[in-house]
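Presented below is the structure to which this report refers.
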Protein chains: 2
Amino acid sequence: MGSVFDEKDFLASCGSTKFSNNMVAAGPFSTLQDAIQAARDIWFNKVDVNGWLEAFAAHPQIGQTPSRDHKSPTFAQWSKGEQSTAMSTATEVTLQELVQWNARYREKFGFVFLICASGRSTPEILTELKIRYQNRPIIEFEIAAQEQMKITELRLAKLFSNNVDTASAIKS
Amino acid sequence: MGSVFDEKDFLASCGSTKFSNNMVAAGPFSTLQDAIQAARDIWFNKVDVNGWLEAFAAHPQIGQTPSRDHKSPTFAQWSKGEQSTAMSTATEVTLQELVQWNARYREKFGFVFLICASGRSTPEILTELKIRYQNRPIIEFEIAAQEQMKITELRLAKLFSNNVDTASAIKS
């Protein structure tokens, strides 16, 4: 039996190839909860640190639109949606501050600042960024991986709700 | 006052460019203890995860001679010395097993198996490799960084003992 979702679908949830391949191998999933459980195990126990960096690199900087030639159009579209609260609460000044702090963060840690932005305002995100900037690199690396997992879970839920009929078909 | 040691010297102790540049900026060091204290702070608090991976990539696989064109001849020479106990206790069978486990380790974690090998026999190293292979990638990443720090400390001691006269000159 083939999986309802393919590599492309899982790559839109999390930009690590190892994650996506492992999800396809672990599926098909009858429920969202099964998919999330498998995703957590794969992300934290099987994807190596290079895979984490690969997944982080798929994200635009907070406050920026994903590039038009993003390898996953769905990823880019979801990313934009997740940042809608941040964008609607941003002023020119706070956006400028976000750009500057993003650059400092990237300079210190070597990857983009990652936060599950859904429903968060720009001031909230800025506060969080400044606090996390103080962390040791390895601590921040783990926090970023946890934020990536939160994003992945929200996106898996979108995958499932977009495919309710197909998912139900597996159960029967 | 210039530092007694330059980038090249520190790169022979730890193959991260960020580590080496920061050590030069933090120096010169009057004592080995000062240098080790600075090195620990730089390695664990300032070098990012890409720098850790860069440092790991400078190491040959345990049981293998560093390549002849290693960018630091001193690094390659020290690496060979640190593995002398392992090499003298190895048989064809255990060396073969080491090669196989190194490959499995690299496949799982995405970087070379790193251990402070000084004085350790091949059977000891193999046992350790098999135990560490069970770890989650992020846990193993931190353990490898701690092993790298042990190696760096031994090598800083070599740098200082090779330059006793110059180092003493700073004190006066």
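The values are calculated or read from the model by the stated rules, or taken from the named source; none is laboratory data. Computed from a prediction, not measured in an experiment: that's the story for all the values here. Note: ideal-geometry Cβ built from the backbone for every residue, glycine included; neighbour counts use all protein chains shown. These area figures cover heavy atoms from the full protein model, side chains too; ligands, DNA and RNA do not enter into them. Shrake-Rupley method; radii C 1.70, N 1.55, O 1.52, S 1.80 Å.
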Being farther than 22 Å from residue A:139 by Cβ, open to solvent by 60 Å² or more (accessible area, probe 1.4 Å) and away from chain A (no Cβ under 14 Å) is the filter here; which residues of segment B:7-45 pass it? B:7, B:8, B:25, B:33, B:34
Per the filter on segment A:103-159, residues within 27 Å of residue B:40 (Cβ to Cβ) and at pLDDT below 95 are none
Restricting to segment A:109-119, give me the number of residues that are buried (at least 18 other Cβ atoms within 10 Å of the Cβ) and under 18 Å from residue A:85 (Cα atoms). 4
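Can you find a residue in segment A:134-144 that is within 16 Å of the chain's Cα centre (by Cα), within 14 Å of chain B (Cβ to nearest Cβ), closer than 19 Å to residue A:20 by Cβ and assigned to a helix (DSSP H, G or I)?
Checked against the condition, which is being within 16 Å of the chain's Cα centre (by Cα), within 14 Å of chain B (Cβ to nearest Cβ), closer than 19 Å to residue A:20 by Cβ and assigned to a helix (DSSP H, G or I), segment A:134-144 yields at least one hit.
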Residue check: is residue B:88 open to solvent by less than 50 Å² (accessible area, probe 1.4 Å) and away from chain A (no Cβ under 14 Å)? no
If we keep only residues of segment A:46-69 that are in a loop (DSSP other than H, G, I, E, B) and among the β-branched types (Val, Ile, Thr), then the residue nearest to the other protein chains (Cβ to nearest Cβ) is A:47
Residue list for segment B:121-158, filter: within 16 Å of residue B:64 (Cα to Cα) and surrounded by fewer than 18 Cβ atoms within 10 Å (Cβ to Cβ): B:121, B:123
Set A:103, A:76: member being within 19 Å of residue A:118 (Cα to Cα) and either open to solvent by less than 80 Å² (accessible area, probe 1.4 Å) or acidic (Asp, Glu) (or both): A:76
